[in-house]
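Worksheet for the structure shown next.
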There are 2 protein chains.
Amino acid sequence: MTARTALMHIAGTASALPAEPVDNAALSDIFGISEGWIDLFVGTRTRHFGWDPATGKVTHTLADLCAEAAGRALAAAGLAAADLDFLVLSTATPDTLLPTTANETADRLGLNHLPTYQIQAGCSGAVQALDVARALLASGHHAGLVVAGDVTARFLQAGQDASALATQELINYVLFGDGAAAAVVTAEPHGDAVAVRGLLHRFAGRGRPPGQIVGWRGVTEPEPDRQMLFEDYKTIEEEVPALAGEIVWELLSTADWTPQQVDFILPPQLSGLMTERIVAGLGLPPGCREVSCVRDTGNTGNALPLLQLDRALDSMAPGERALSVVVESSKWIKAGLALERLAGPEEGGRGR
Amino acid sequence: MTARTALMHIAGTASALPAEPVDNAALSDIFGISEGWIDLFVGTRTRHFGWDPATGKVTHTLADLCAEAAGRALAAAGLAAADLDFLVLSTATPDTLLPTTANETADRLGLNHLPTYQIQAGCSGAVQALDVARALLASGHHAGLVVAGDVTARFLQAGQDASALATQELINYVLFGDGAAAAVVTAEPHGDAVAVRGLLHRFAGRGRPPGQIVGWRGVTEPEPDRQMLFEDYKTIEEEVPALAGEIVWELLSTADWTPQQVDFILPPQLSGLMTERIVAGLGLPPGCREVSCVRDTGNTGNALPLLQLDRALDSMAPGERALSVVVESSKWIKAGLALERLAGPEEGGRGR
């Protein structure tokens, strides 16, 4: 299929975003947050919630979204559940601690008698899950499913007047959104596959304080003063652009590409405005097209890199190349992918 | 080193159990649970808690226990943090959703610039983490750290009179304990290594209701009636012995061993009494020695298979073989290991 080495192939992707998009006017009405402030300082236009922001009623669990995205990704790849050798799911917000959402998703897809893995992760989760998939394929498996997603239902209070909140709490209401996305991965190319030419996954947080903390409670509260939510937005704003630049150069080096050979950049997606600043700082040639979704979807956490990839596949022609760049800022992980669209099953064949 | 194929090698193990053991008399005093009932129906004598059962004050976080076990496992293997290519940590009860306890543990060990993975899992977590490690080693890494542990602090109410609780809640107070354990894994044998000859990790929960549910809460409560803790102890008692038998036979088949060639059995450890019943039902030859820790440690969840392995290594002579059998009953995973002690670095060398 190709003379170049691939770590694995992506045979199909899909996304699942719950309900109708919630725009800034609606957000402003429900939570009392200034629409102008969101436009000016965040730059995210809409997001989806798996719960009714007026009443709090949960309409979509993480398993709902993951099973939907996974089923569609299988269809996009032209594979059946029976073709899968494993499932890897990443999330920061599982439906329950046990059973895992990975196993709940496997059950809904009709999977059985295969290994399943759930990766607990922040924004880098999709790449970490793809890294596990890469290793599983290298160790002899043929095909697997990678699913990633997050839901905000347990951290945003429906119908609350958020205008009185401190900015570091308020920011959660305007930055995040719910969603899941999935990719079918294969050792050998399958269909209009994308080859993964490079994968970066590296913890870089030694001695560094967390940029983000997300806590959880059980039935008792042994530490009543424990911090449940914390977002050091200033440090994140400072650090992420530089880390994104380092990731681009590491991926180029691994794939042995020049910046001029990159057709698409899938940048980190904290917010609409931050994405603009990050992309501007990367110094990629003007012809390199940006694939972003954060202005429409909000920051969907684990789902986001696969949502971008799902969009990118609509545009990538055979031979075109993309870099996906992801920064995990809770304890600082550098992650990313170097991707190349293949020509399809027939030589010089049917590009998408 | 050996003519037989190994999936990977275990170069060193260690355990970390917090504070002094809490015996049934103390448990009876603090929670008002009948000591005789615990002896008769559970059969667990002591357990450790990372919190003071009288006051609830947390004395050991999961990261505390994981970093302690990991540091000791490195020392046991004669390796340094700088020798490690990756870290995999499994737990059902991370300290926070973000940052991950894997990254907090990595930071404490002085690790940086390596991939870290946190597996969300029930009782099978240690084997699932070893499975990820196996794939990572197969894909080119040389050495890594596997850590597994759980803490009960957010599910057991300190100083509460538990005698009024329904049995399915009360059981949590007498079954579980806190702890962590770690294993250093290598592609090539290192020191007095154990070779992993077989590894089973298979989701088997399609269409089956959960045997256990462990919930979590965020800062809001969108589903006030959501079940936070559920343990279908009757189903678990019925199902686990049969599943344990299936696991033994699958592992024997993978490793190409007869039951007569197994020197040690490391059985599932829900409680002291259940372990007795399970082992009795496996039909292994009378010479096969049981390695259990549940009567002293309680069910420590993710830590437990590695706690057993850590004990087994004190007894296994070169050439001796062990089966580790693990059942995850929250959504039914069959897991286990076929292990063989090697002769050590010199031919016919220094057995432990």
How big is the antiparallel share of DSSP beta bridges in chain B, given as a percent to the nearest 5? 70
Would you mind giving the total buried accessible surface between chains A and B, with a 1.4 Å probe and ligands, DNA and RNA left out, rounded to the nearest 100 Å²? 6100
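Rounded to the nearest 500 deg cm²/dmol, what is the calculated helix-only ellipticity per residue at 222 nm for the protein assembly as shown, with -39500 (n - 2.57) per DSSP H run of length n ≥ 4? Mind showing how you got there, number by number?
Details: 20 runs with 218 residues, N = 704.
After summing the helix terms and dividing by the residues of the protein assembly as shown, the value is -9500 deg cm²/dmol.
Based on DSSP, what percent of beta bridges with both residues in the protein assembly as shown are antiparallel, to the nearest 5? Write down the numbers at each step before the final one.
Working: 88 of 120 bridges.
DSSP beta bridges in the protein assembly as shown are roughly 75 percent antiparallel.
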Descending principal axes extents, chain B, alpha-carbon based, whole Å: 61, 47, 40
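Set the Förster radius R0 to 25 Å, insert the Cβ-Cβ distance between residue A:57 and residue A:235 as r into 1/(1 + (r/R0)^6), and round the FRET efficiency to 0.05.
That gives a FRET efficiency of 0.10.
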Please turn the phi angles of the stretch A:295-302 into ³J(HN,Hα) values with the Karplus equation 6.51 cos²θ - 1.76 cosθ + 1.60 (θ = phi - 60°), one per residue in order, whole Hz, x for glycine and proline. 5, 9, 10, x, 6, 9, x, 4
Along Cα-to-Cβ, 7 Å out, sits the label point; list in nm, shortest first, how far the one on residue B:318 is from those in the other copies. 5.9
Indicate the gyration tensor shape class of the protein assembly as shown (rounded, prolate or oblate), computed on the Cα atoms with a ≥ b ≥ c the square roots of the eigenvalues: a/c under 1.5 is rounded; otherwise a/b larger than b/c is prolate and the rest oblate. oblate
Reachable lysines, given that their alpha-carbon falls under 28 Å from the alpha-carbon of residue A:234 and they are not under 8 places away in the same chain: A:331, A:334
Quickly work out the residue B:23-to-residue A:29 label distance, labels modelled 7 Å from Cα along the C-beta direction, and quote it in nm with one decimal. 6.7
Suppose each label sits 7 Å from its Cα in the direction of the beta carbon; what would the residue B:290-residue A:188 distance come out to in nanometres? 4.9
DSSP-defined antiparallel bridges as percent of all bridges, the stretch B:1-130, nearest 5: 40
Ignoring ligands and nucleic acids, what accessible area does residue A:57 show with a 1.4 Å probe (Å², nearest 10)? 130
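Would you mind getting me the FRET efficiency between residue B:261 and residue B:314? Use the beta-carbon distance for r and R0 = 25 Å, nearest 0.05.
Values: r = 21 Å, r/R0 = 0.83.
Efficiency for this residue pair is about 0.75.
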Among residues of the stretch A:140-162, a drop of 30 Å² or more in 1.4 Å probe accessible area, assembly relative to the chain on its own, occurs for A:154, A:155, A:157
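Set the Förster distance to 56 Å, then compute FRET efficiency between residue B:242 and residue A:40 from the Cβ-Cβ distance, nearest 0.05.
Values: r = 63 Å, r/R0 = 1.12.
The calculated FRET efficiency here is 0.35.
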Teacher prompt: residue A:78 distances to equivalent labels in other copies, 7 Å Cα→Cβ, nm: 5.4
Under-5 Å amide H pairs with residue A:333, H placed in peptide plane, nonlocal only: A:204, A:328
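With a cut-off of 8 Å between alpha carbons and a minimum separation of six or more residues, what is the relative contact order of the stretch B:192-341 in percent?
Details: 244 pairs, mean separation 58.4, N = 150.
Dividing the mean separation by the residue count of the stretch B:192-341 yields 39 percent.
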Rounded to whole Hz, the Karplus (6.51, -1.76, 1.60) HN-Hα couplings of the stretch B:251-265, x for glycine and proline: 5, 4, 5, 4, 7, 6, 10, 9, x, 5, 8, 9, 8, 9, 10
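Ignoring ligands, DNA and RNA, how do B:96, B:5 rank by accessible area with a 1.4 Å probe, largest first?
On the way: B:96 25, B:5 115 Å².
My answer, sorted largest first, is B:5, B:96.
Find out how many positive minus negative residues lie around residue B:45, taking Lys and Arg as positive, Asp and Glu as negative, among other residues whose Cβ is under 14 Å from that of residue B:45.
Values: positive: B:47, B:295; negative: B:20, B:23, B:35, B:39, B:276, B:296.
Local net charge: -4.
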Along the stretch B:227-232, what does the Karplus equation 6.51 cos²θ - 1.76 cosθ + 1.60 (θ = phi - 60°) give for ³J(HN,Hα), rounded to whole Hz, x for Gly and Pro? 6, 8, 9, 8, 9, 8
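In the stretch A:306-346, which trypsin sites (Lys or Arg not before Pro) are in a loop and have at most 10 other Cβ atoms within 10 Å, using DSSP for the loop call?
Details: sites: A:311, A:321, A:331, A:334, A:341; in loops: A:331.
Counting only loop positions with at most 10 other Cβ atoms within 10 Å, none of the trypsin sites (Lys or Arg not before Pro) in the stretch A:306-346 qualifies.
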At 7 Å out from Cα toward Cβ: residue A:228 inter-copy label distances (nm, ascending): 1.2
Taking only C-alpha pairs under 8 Å that are 6+ residues apart, what is the relative contact order of the stretch B:9-186 in percent? 36
Leaving out ligands and nucleic acids, note down the accessible area per residue over the stretch B:192-341 with a 1.4 angstrom probe, in whole Å². 34
Taking only Cα atoms, what is the 0 to 90° angle, nearest 10, from helix A:125-138's long axis to the longest principal axis of chain A? 30
Under the definition of Cα pairs under 8 Å and six or more residues apart, what whole-number percent is the relative contact order of chain B? 26
Pair residue B:139, residue A:142: separation of 7 Å Cα→Cβ label points (nm): 2.0
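The values are calculated or read from the model by the stated rules, or taken from the named source; none is laboratory data. All values derive from a computational prediction rather than experimental measurement. Positions of Cβ are generated from backbone atoms using ideal geometry, with glycine treated the same way; all protein chains shown enter the neighbour counts. Note: accessible area is taken over every heavy atom of the protein model, side chains too, but ligands, DNA and RNA are not part of it. Shrake-Rupley method; radii C 1.70, N 1.55, O 1.52, S 1.80 Å.
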